[in-house]
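Just so you know, all these numbers are worked out from the coordinates, no wet-lab data involved. Every value quoted in this text rests on a predicted model; they were computed, and no experiment measured them. Cβ placement follows ideal geometry from the backbone for every residue including glycine, while neighbour counts extend to all protein chains displayed.
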Amino acid sequence: MPMNRVLLAGVRRLSTSASPSSAAASQLQGGKRWDAVVVGGGHNGLAAAAYLARAGRSVAVLERRGVLGGAAVSESGLVPGFRFSRCSYLLSLLRPSLIQELELERHGLKLLPRSPSSFTPCLDGRYLLLGPDAELNHSEIGKFSKKDAEAYPRYEEQLEKYCKLMDFVIDSPPPELRQLYHASMVDRMKDKVDKSVFWSKLVGIVMQQGQKDMVNFFDLLLSPASKVLNNWFEGEVLKATLATDAVIGTMAGVNTPGSGYVLLHHIMGETGGQRGVWAYVQGGMGSVSSAISKAALEAGVQIVTNAEVSQIMVDETTGKVQGVGLADGTELHSSVVLSNATPYKTFVDLVPANILPEEFLCAIKTADYSSATTKINVAVDRLPQFNCCKGINPEGGPEHMGTIHIGSESMEEIDLAYKEATGGVSSTRPVIEMTIPSVLDKTISPPGQHVINLFVQYTPYKLSEGSWQDSTVRKSFAERCFSLIDDYAPGFSSSVIGYDMLTPPDLEREFGLTGGNIFHGAMGLDSLFLMRPAKGWSDYRTPVKGLYLCGSGAHPGGGVMGAPGRNAASVVLDDLKTR
């Protein structure tokens, strides 16, 4: 059966058949042995490929879907005339070093900072605006609590200190404790020196923080977000607004131990040097992947879409990776394979059975891939007008610029929504993060009309009654979300032209996100740093010699960050030099 494949080296289109002797297969194969093959054209896979190629290595990237980007993707045609960021929808975590080193701005990346960045409407007519403007924050928070208004700058200052500590950890491969039994004495000594350097730098950074700050830091890491926020503030609207960062994308509640870390994870990014500032990307999130792919292409990477990898080939005798096999029978040979797929997809579905150690495989299979997230991409014919805001802003006011928190007026509301989901029931009153990128980005919708992203919690992967495959169930939940927004912005439902809805099973099927988890696995403390993706294998290497993880299932975790890809490439290059 013929299929179309896009070979992006030189941005040429090749019409090929499924035969291994086809034009595309011959250019990718043709007896050539690649220095590295990357499974998955998500932003991390593209970043890893770009760094490897810039170091002079021959690299091929294979993407299952017809469009690059993985979860950082823009797609048109779902509603005619509109362009959706189908999964991820905001940018802040992308590492500044990666933006600079790959010259992403030269390759078309344009960020649109948001100010204000947060808007929480209340049913009683009040509202809370927050953003990078300190005076605005003080005035807005003061409407609810003068005490909180005074405490908020100190809260931000303390979290920024912790973010500086995290920067070093994020940008470094973990100092894995695994013994290099088969390495030479020289390599073992180098490995020990590298680990010593890491720990000495980290200790130095820690010492700069001071003992009191470090105690508070570990309290943040280990505590529920509710405890952290209750210690700082008294106003429920402010606490609920901040608490959404602690639970977004997770199957966790505000009272879940360790949710304080996820609170930190979502504010440790930056835009234009401003810490914690999130931005829209002109053209949608696919523009991030497009810019990275252009950097990769410029360095000589060959990128192929509609190329589904069905197996990672491993020599059963030596345990070394040999390359990959595609679903159409094509084989690409390489002694280095980087997987941008989830750990479960990589080790359970792609690596042949009986290759991996039982303990490792068990850890991968039993890891937490649960999700309670649904993304609804909506096309509307007008902006929502909120009851709590005086006047009508057809072109967009401050309330339309940032993330709009619907159904988040108290932490108790968020906790109740979570508890319903633990019983297999989608939340009666969902927690919704609404963003309207078309207010700032005029390239993604027709004039006067808008794109609205709804990031919704909580929706269990498996419902206790009914199924997400049932169109009636899907329509009912979408209408529930629209109706909740109507409570705050009357007439929203009638403004909807069309929508694209992705439940956890949809995210798994469409984008390969195991369990629908947007982070490639839970972000609990038992699944981070030296424990990600499994104890003993946190440094991007795997039990299969020559196979590496470079996606969000590896350190430092999820989000459009690029750090897993960048760090994995550095480890691969070190190993290639050793060989």
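Helix 286-298 and the longest principal axis of the C-alpha atoms of the chain enclose an angle of approximately 30°.
Once both axes come from the Cα atoms, what is the angle between helix 146-170 and the longest principal axis of the chain, in degrees from 0 to 90, rounded to 10? Compared with the principal axis, the helix lies near 0 degrees.
In angstrom, the C-alpha Rg and Dmax of segment 38-127 are 17.5, 61.
Going 7 Å from the Cα of Ser476 along its beta-carbon direction, which residues of segment 430-444 have the amide nitrogen within less than 17 Å of the resulting point? Of the residues in segment 430-444, 430 have backbone N under 17 Å from the label point off Ser476. Under a 5 Å amide H cut-off, with hydrogens placed 1.01 Å from N, Lys545 pairs with Val321 among residues at least 5 apart or on other chains. Across the chain, the mean sequence separation of Cα contacts (distance under 8 Å, 6 or more residues apart), normalised by length, yields a relative contact order of 23 percent.
Each of Phe511, Gln449, Ala568 was scored by the projection of its Cα onto the charge dipole of the chain, and the greatest displacement toward the positive side belongs to Ala568; charges sit on the C-beta of Lys, Arg, Asp and Glu.
Sorting 542-554, 66-78 by their mean Cβ neighbour count within 10 Å, with the most densely packed peptide first, gives 542-554, 66-78.
With bins 10 Å wide beginning at 0, the percent of Cα pairs of segment 418-537 falling in each bin runs 12, 34, 33, 17, 5, 0. On full extension, the segment bounded by Thr443 and Arg509 gains 20.9 nm, given 0.36 nm per residue less the C-alpha separation. Give the long-range amide H neighbours of Ser339: residues separated by 5 or more places, or on another chain, with amide H under 5 Å away, using H modelled in the peptide plane at 1.01 Å from N. Long-range HN contacts for Ser339: Val39, Tyr548, Leu549, Cys550.
Using a Förster distance of 30 angstrom, determine the FRET efficiency expected from the C-beta separation of Gln100 and Ala134, and round it to 0.05. Don't skip to the answer; put the middle values down first.
Working: r = 28 Å, r/R0 = 0.92.
Taking R0 as 30 Å, the efficiency between Gln100 and Ala134 is 0.65.
Can you compute the FRET efficiency between Thr318 and Lys577 using 1/(1 + (r/R0)^6), with r the Cβ-Cβ distance and R0 = 22 Å? Round to the nearest 0.05. Efficiency, rounded to the nearest 0.05: 0.60. Computed from the C-beta positions of His333 and Glu465, the FRET efficiency with R₀ = 56 Å rounds to 0.65.
For Asn230 and Ile205, the difference between the fully extended length at 0.36 nm per residue and the C-alpha to C-alpha distance is 6.2 nm.
Extents of the chain, largest first, come to 69, 59, 48 Å (Cα atoms, principal axes, whole angstrom). Could you tell me which of the pairs Lys161/Lys201; Lys212/Lys535; Lys320/Lys345; Lys294/Lys345 are separated by over 21 angstrom between their Cα atoms in the structure shown? The answer is Lys212/Lys535; Lys294/Lys345. Along segment 473-489 the Karplus relation, 6.51 cos²θ - 1.76 cosθ + 1.60 evaluated at θ = phi - 60°, assigns HN-Hα couplings of 4, 5, 4, 4, 5, 4, 5, 4, 5, 4, 5, 5, 5, 4, 4, 9, 9 Hz to successive residues, with x for each Gly and Pro. For Lys390, the lysines whose Cα comes closer than 29 Å to its Cα, not counting residues fewer than 8 places off in the same chain, are Lys143, Lys146, Lys147, Lys239, Lys442.
Averaging 1/r over each pair of different alpha-carbon atoms in segment 296-360 and inverting the result gives 13.0 Å, the Kirkwood hydrodynamic radius. Between Gln311 and Glu395, the modelled labels are 6.2 nm apart [label points 7 Å from Cα along Cα→Cβ].
Here the gap between Phe198 and Asp486, fully extended at 0.36 nm per residue and compared with their Cα-Cα distance, gives a gain of 98.5 nm. DSSP beta bridges confined to the chain are antiparallel in about 70 percent of cases.
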